[in-house]
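This report concerns only the one structure given below.
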Amino acid sequence: MAMSDSPAPVLAVAAVIWNAHGKVLLIRRTKEPRKGQWSLPGGKVEFGETLKEAVMREVLEETGLTVKLAGVAGIAETICDASVGAANAHFVMIDYSATVVSGEAMAQSDAADATWFTRAEIDALPLWSETRRIIAASAMQVWGS
């Protein structure tokens with residue numbers, strides 16, 4: 001089998017977006033993996049696009065926000081997980097911390113909803129454990145707590 005015949009991991013980016021009130025923006029996904037779940041806004045990196053360009057584009061497309069990136073909050077992977085709609089897929093997600101520069105958060109393109117949540121409200125949501133870990137790491141990066 002030629003190397004090009006093998007499935008390859010999909011590179012994706014996402015952002016933990018903080019507003020001035022210390023709330024995080026989550027979107028409700030309209031596509032697999034994790035369709036219908038609350039998640040960080042993001043998506044696939046396009047060929048020739050830098051990671052930073054990709055996350056800025058995806059955030060704008062999904063939420064209408066322009067953001068300032070504050071660094072990488074973490075990396076997560078989903079590998080062949082049928083329970084979340086990715087039975088034959090391998091996603092590598094590079095998650096950035098970000099703060100709002102301009103715009104009003106509204107669900108657009110691949111997002112069914114976009115809502116600001118306090119960290120206490122996030123604790124009560126049924127979130128993927130990796131999303132929780134990334135948000136906590138981002139809080140340390142952006143707020144120092």
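The values are calculated or read from the model by the stated rules, or taken from the named source; none is laboratory data. The model shown is predicted, which means the values in this text are computed figures rather than measured ones. So basically every Cβ, Gly included, is an ideal-geometry build from the backbone, and we count neighbours across all protein chains shown.
Summary of values
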{"item": "Flag for SER102 being free of Cβ contacts under 8 Å to residues at least 40 places away in the same chain, within 21 Å of ASN19 (Cα to Cα) and out of contact with any Phe, Trp or Tyr (no Cβ under 7 Å at 6 or more places or on another chain)", "result": "yes"}
{"item": "Segment 1-43, residues that are modelled with pLDDT under 90, hydroxyl-bearing (Ser, Thr, Tyr) and assigned to a loop (DSSP other than H, G, I, E, B)", "result": "SER6"}
{"item": "Residue within segment 61-73 that is hydroxyl-bearing (Ser, Thr, Tyr), more than 15 Å from the chain's Cα centre (by Cα) and in a helix (DSSP H, G or I) present", "result": "no"}
{"item": "Answer residue from segment 87-102, given it is out of contact with any Gly (no Cβ under 9 Å at 6 or more places or on another chain), under 25 Å from GLU53 (Cα atoms) and hydrophobic (A, V, I, L, M, F, W, C) and is surrounded by the fewest Cβ atoms within 10 Å (Cβ to Cβ) among those", "result": "VAL101"}
{"item": "Every pair of residues 6+ apart whose Cβ atoms lie under 7 Å, when the first sits in segment 28-45 and is on the phi > 0 side of the Ramachandran plot while the second is assigned to a loop (DSSP other than H, G, I, E, B) and of a type in the set (Phe, Trp, Tyr)", "result": "ARG34/TRP128"}
{"item": "Residue tally, condition in a strand (DSSP E or B) and either touching a His at 6+ places or on another chain (Cβ under 6 Å) or hydrophobic (A, V, I, L, M, F, W, C) (or both), over segment 77-100", "result": "11"}
{"item": "Tabulated pairs, segment 48-77, first without any contact (Cβ under 8 Å) to a residue 24 or more places away in the chain, second crowded, with 21+ Cβ neighbours inside 10 Å and charged (D, E, K, R), C-beta under 8 angstrom, 6+ apart or interchain", "result": "ILE75/ASP95"}
{"item": "Some residue of segment 112-124 being modelled with pLDDT under 95, among the hydroxyl-bearing types (Ser, Thr, Tyr) and out of contact with any strand residue (DSSP E or B) (no Cβ under 6 Å at 6 or more places or on another chain)", "result": "no"}
